Protein chains: 2
Amino acid sequence: MKGNFVYHNPVKLFFGKGAIKDLTEELARYGKTAQLVYGGGSVKKNGIYDAVVSVLKECGKTIVEDGGVMPNPTTDKLAEGVKIAREHGVDFILAVGGGSVCDYAKAVSVSVHCDEDPWEKYYIRFEEPTCEIVPVGCVLTMVGTGSEMNAGSVITNHHTHLKIGHVFGSEVMPKFAVLDPEYTYSVPRRQMVAGIYDAFNHICEQYFSGDDDNVTDDLCEALMKSLVKNSRVALRDPRNYEARSNIMWAATWALNTLLAQGKDTDWEVHMLGQAVGAYTDATHGMTLSAVSLPYYRHILPYGLPKFKRFAVEVWGVEEKGTDRQIAEMGLEKLHDWMKELGVATNISELGATEEMIEGIADATLVMDGGYRVLTRPEIVKILRESL
Amino acid sequence: MKGNFVYHNPVKLFFGKGAIKDLTEELARYGKTAQLVYGGGSVKKNGIYDAVVSVLKECGKTIVEDGGVMPNPTTDKLAEGVKIAREHGVDFILAVGGGSVCDYAKAVSVSVHCDEDPWEKYYIRFEEPTCEIVPVGCVLTMVGTGSEMNAGSVITNHHTHLKIGHVFGSEVMPKFAVLDPEYTYSVPRRQMVAGIYDAFNHICEQYFSGDDDNVTDDLCEALMKSLVKNSRVALRDPRNYEARSNIMWAATWALNTLLAQGKDTDWEVHMLGQAVGAYTDATHGMTLSAVSLPYYRHILPYGLPKFKRFAVEVWGVEEKGTDRQIAEMGLEKLHDWMKELGVATNISELGATEEMIEGIADATLVMDGGYRVLTRPEIVKILRESL
């Protein structure tokens, strides 16, 4: 644990079957008017919307509707949400959905009382909120982003082709989140596997950095092994509660700041994936899987001991051959698992074309915490290899 | 993750070298008068007391002294601390020390404004506080108990020969804790290894329960492996920052409620150890190590798959032979590590005698979350084998 850090994660999690019913006491802490945020309406079909509305009404709350949050929430939608919040003077925001809905709710929460353009302040200048923050709660219906227990918020600006995430301080974290594994049963298989890969990659982004033997690295390996093990059960039997609940819990801990402690962290796969997402509007987890292997193959020589450890500890690769061979075998095992999951392994299938490469490269932020700080030609090379 | 649960741990941790200096902003949140709680005075010799006082004064706080907290804080000392708090109308309590000092600070915090006898209310009837709770902060100088990030508090009543722990709700958790690995350098070797075993056993108590493949089990294994790995470095080189910081961080996560989620949890080793402690006043971690092996050998047949998994995943035992043989080999490896550490492996060396066995058995609470609910003859048998 080389660096100094402050760990503070006060999010209260209600976990398990029917956990929404345990929310009554918690809801009493907030005011009367709730902005109910959700996505394209699937929550209305699967009964989750009704369950949430029923608890809100039981607690005497007035509901202000804010549906239609898209998979990559935009600055235009953010403006709409802020307008709704201001018009109704909402007391808290309840997000019902996956990471996009949670991210959007947080963006609204720091923008309602903000005098400036939130895109410029939070996502371009990366400033912290100086205004009052509207409290946010989440009812999670899709697993992967970890947004339910962190202060991250990714917003897309279609006017400037930029998809940018800001990790705020702990005061922007949701106050509470409901994690009911059964709420994830109705998610289409493609979204389920994208979420699993998203969670796995969050761990990779934190694991593939640093040269010390950090206790966080051991925790990373535990969560990665658990995700792989349980994904295999969930692929065969998507309604297996044990597997789905393990995946849900592992995904939350994959990105709630714990695994970042004492680590430099990388996040370059996310930078590449988000740039692809800004051009293709593809599912977030799929953009990550599509660029992962070319990126990891490229940086492997710079972080060889860690890639070897990854092979041995996460994938059970035998320690035979050179370190390089062992490390490469680990990436082969990762590739095999991606095929099992059925996630994208190239960006062409997500709609990216050779013509977009320069633009995507322009939109790719370069991080300096990983094993290699990418140059522009390296970014272009990795993107070409991802085609 | 079979059971439903609520996870909520809002403790703010300041981790790393010199982290005490980062406390200024945090201290501003609390009132003017601080009850400064510490133990036998070692913090005065090693400079930690001066560093803490200096930060408190810098923040304009008035200090009320409350030193002399003993290793197993007693009901008599608790009464003394409550008197001090009431007389000076303290605004917050700052505990500087190890688990006993933190546990004591929490006990005082829920007793200052309590009209009843705190021992009866909290440690006999296990009630939650209904009065105002004085905020507690911790500056940790000894690693092991996890008290800095949980709501547990163990108090000893010498009048009735009872040592009882109450795990309160999250409102009794410290508000903040300072974890500076360098503060643990001056701890005597015997205390260091007792703390390491204490932390390891906290994980065991949660791990050895349940028959599902819970993500928490994977996390348990990661933390156990990290503790073993880093203890070996710390034994050779007690001032190795990487090892001591990893041990400190692993010990905090070993008992901050995370590993209990979705688990039944056992805690019988603690019940046996605490009973031994009430009779011998021996160091907590040593009482745990002294009874562990007889207890685990006794329950092994009832939790065979988990003991096998423990052998393979934590100790790298080869999967050769019967499950029973593999599982027993895991306990042998645990025994070898205990010898390496130099922790107690029997209760005689802690001062327990054959004559005390019946009394210790009387004082041993029986838990029902583990693989075996012990009968009175089983408790006596385990204690005799521990002699």
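Can you tell me which residue among A:ALA290, A:ALA344 is assigned to a helix (DSSP H, G or I) and in contact with a Leu (Cβ under 9 Å, 6 or more places away or on another chain)?
A:ALA290
Can you name the condition, by its number, that B:GLU171 falls short on among (1) within 12 Å of another protein chain (Cβ to nearest Cβ); (2) in contact (Cβ under 8 Å) with a residue 40 or more places away in the chain; (3) part of a loop (DSSP other than H, G, I, E, B); (4) surrounded by fewer than 21 Cβ atoms within 10 Å (Cβ to Cβ)?
The single condition B:GLU171 does not satisfy is (3).
Which of the residues spanning the stretch B:110-152 are touching a Phe, Trp or Tyr at 6+ places or on another chain (Cβ under 9 Å) and among the small types (Gly, Ala, Ser)?
B:SER111, B:GLY137, B:GLY144, B:GLY146, B:ALA151, B:GLY152
Among the residues of the stretch B:243-269, count how many are part of a helix (DSSP H, G or I) and either surrounded by fewer than 24 Cβ atoms within 10 Å (Cβ to Cβ) or within 14 Å of another protein chain (Cβ to nearest Cβ) (or both).
Summing the residues that are part of a helix (DSSP H, G or I) and either surrounded by fewer than 24 Cβ atoms within 10 Å (Cβ to Cβ) or within 14 Å of another protein chain (Cβ to nearest Cβ) (or both) in the stretch B:243-269 gives 15.
Would you call B:PHE208 aromatic (Phe, Trp, Tyr), at pLDDT 95 or above and over 17 Å from the mean Cα position of the chain (by Cα)? Spell out the reasoning first.
Working: aromatic (Phe, Trp, Tyr): yes; at pLDDT 95 or above: yes; over 17 Å from the mean Cα position of the chain (by Cα): yes.
Yes.
State the number of residues belonging to the stretch B:10-60 that are of a type in the set (Val, Ile, Thr), out of contact with any Leu (no Cβ under 8 Å at 6 or more places or on another chain) and away from every other protein chain (no Cβ under 14 Å).
Count: 3.
Do we find that B:ASP76 is away from chain A (no Cβ under 14 Å), in contact with a His (Cβ under 9 Å, 6 or more places away or on another chain) and in contact (Cβ under 8 Å) with a residue 24 or more places away in the chain in this structure?
Details: away from chain A (no Cβ under 14 Å): yes; in contact with a His (Cβ under 9 Å, 6 or more places away or on another chain): yes; in contact (Cβ under 8 Å) with a residue 24 or more places away in the chain: yes.
Yes: the conditions hold for B:ASP76.
Determine, yes or no, whether A:VAL143 is within 27 Å of A:HIS88 (Cα to Cα) and in contact with a helix residue (DSSP H, G or I) (Cβ under 7 Å, 6 or more places away or on another chain).
Numbers: within 27 Å of A:HIS88 (Cα to Cα): no; in contact with a helix residue (DSSP H, G or I) (Cβ under 7 Å, 6 or more places away or on another chain): yes.
In short, no.
Condition check ((1) outside the structural domain of A:GLY370 (by TED's automatic domain parsing); (2) under 20 Å from A:LEU78 (Cβ atoms)) across all residues:
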{"residue": "A:PRO129", "(1), (2)": "yes, yes"}
{"residue": "A:GLY144", "(1), (2)": "yes, no"}
{"residue": "A:THR160", "(1), (2)": "yes, yes"}
{"residue": "A:ALA177", "(1), (2)": "yes, no"}
{"residue": "A:ASP198", "(1), (2)": "no, no"}
{"residue": "A:HIS202", "(1), (2)": "no, no"}
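Could you please find all residues in the stretch B:222-231 being surrounded by fewer than 21 Cβ atoms within 10 Å (Cβ to Cβ) and touching a helix residue (DSSP H, G or I) at 6+ places or on another chain (Cβ under 7 Å)?
B:LYS225, B:VAL228
Quick check: is even one residue across the stretch A:243-263 among the aromatic types (Phe, Trp, Tyr), touching an Asp or Glu at 6+ places or on another chain (Cβ under 7 Å) and under 21 Å from B:ASP218 (Cβ atoms)?
no
Does the stretch A:125-144 include one or more residues that are assigned to a helix (DSSP H, G or I) and not polar (S, T, N, Q)?
no
Before we move on, is A:ALA278 part of a helix (DSSP H, G or I), at pLDDT below 95 and either touching a strand residue (DSSP E or B) at 6+ places or on another chain (Cβ under 8 Å) or within 11 Å of chain B (Cβ to nearest Cβ) (or both)?
Yes: the conditions hold for A:ALA278.
Identify, from the list A:LYS32, A:LYS21, A:LYS57, the residue that is in the same structural domain as A:LEU140 (by TED's automatic domain parsing) and closer than 26 Å to A:ASN246 by Cα.
A:LYS21
Does A:VAL64 satisfy the condition of being surrounded by fewer than 21 Cβ atoms within 10 Å (Cβ to Cβ) and of a type in the set (A, V, I, L, M, F, W, C)?
Yes, satisfied.
One line per residue, one yes/no per condition, for (1) more than 22 Å from A:ASP266 (Cα to Cα); (2) surrounded by 13 or more Cβ atoms within 10 Å (Cβ to Cβ); (3) over 19 Å from the mean Cα position of the chain (by Cα):
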{"residue": "A:LEU350", "(1), (2), (3)": "yes, yes, no"}
{"residue": "A:GLU355", "(1), (2), (3)": "yes, no, yes"}
{"residue": "A:TYR371", "(1), (2), (3)": "no, yes, yes"}
{"residue": "A:PRO377", "(1), (2), (3)": "no, no, yes"}
{"residue": "A:ARG384", "(1), (2), (3)": "no, yes, yes"}
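Can we say B:PRO129 is touching a helix residue (DSSP H, G or I) at 6+ places or on another chain (Cβ under 7 Å), surrounded by fewer than 24 Cβ atoms within 10 Å (Cβ to Cβ) and without any contact (Cβ under 8 Å) to a residue 60 or more places away in the chain?
Details: touching a helix residue (DSSP H, G or I) at 6+ places or on another chain (Cβ under 7 Å): yes; surrounded by fewer than 24 Cβ atoms within 10 Å (Cβ to Cβ): yes; without any contact (Cβ under 8 Å) to a residue 60 or more places away in the chain: yes.
Considered against the rule, which asks whether it is touching a helix residue (DSSP H, G or I) at 6+ places or on another chain (Cβ under 7 Å), surrounded by fewer than 24 Cβ atoms within 10 Å (Cβ to Cβ) and without any contact (Cβ under 8 Å) to a residue 60 or more places away in the chain, B:PRO129 comes out as yes.
Do we have B:LYS306 as over 22 Å from the mean Cα position of the chain (by Cα) and not in a helix (DSSP H, G or I) here?
No, not satisfied.
Give the residues of the stretch B:27-43 that are modelled with pLDDT of 95 or more and surrounded by fewer than 18 Cβ atoms within 10 Å (Cβ to Cβ), sorted by residue number.
Once the filter is applied, which keeps residues that are modelled with pLDDT of 95 or more and surrounded by fewer than 18 Cβ atoms within 10 Å (Cβ to Cβ), the stretch B:27-43 yields B:ALA28, B:ARG29, B:GLY31, B:LYS32, B:THR33.
Taking the stretch A:351-369 only, how many residues are over 24 Å from A:GLN206 (Cβ atoms), among the β-branched types (Val, Ile, Thr) and assigned to a loop (DSSP other than H, G, I, E, B)?
Count: 1.
In the stretch B:199-222, which residues are facing chain A (nearest Cβ under 7 Å) and assigned to a helix (DSSP H, G or I)?
B:VAL215, B:ASP218, B:LEU219, B:GLU221, B:ALA222
Assess whether A:ASP323 counts as being surrounded by fewer than 19 Cβ atoms within 10 Å (Cβ to Cβ), touching a residue at least 12 places away in the same chain (Cβ under 8 Å) and not assigned by TED's automatic domain parsing to the domain that holds A:GLY144.
Spelling it out, A:ASP323 is indeed surrounded by fewer than 19 Cβ atoms within 10 Å (Cβ to Cβ), touching a residue at least 12 places away in the same chain (Cβ under 8 Å) and not assigned by TED's automatic domain parsing to the domain that holds A:GLY144.
So B:PHE307 ticks every box in (1) at pLDDT below 95; (2) farther than 21 Å from B:HIS158 by Cα but one. Which box is left unticked?
Here B:PHE307 clears every test but (1).
Select from the stretch A:223-234 the residues that are within 12 Å of another protein chain (Cβ to nearest Cβ), out of contact with any Phe, Trp or Tyr (no Cβ under 8 Å at 6 or more places or on another chain) and not hydroxyl-bearing (Ser, Thr, Tyr) and list them in ascending order.
Passing the criteria: A:LYS225, A:LYS229, A:ASN230, A:ARG232, A:VAL233.
The values are calculated or read from the model by the stated rules, or taken from the named source; none is laboratory data. Everything numeric in this text was worked out from a predicted model, so none of it was measured. Using ideal geometry, Cβ is built from the backbone for each residue, glycine included, and neighbour counts are taken over all protein chains shown.
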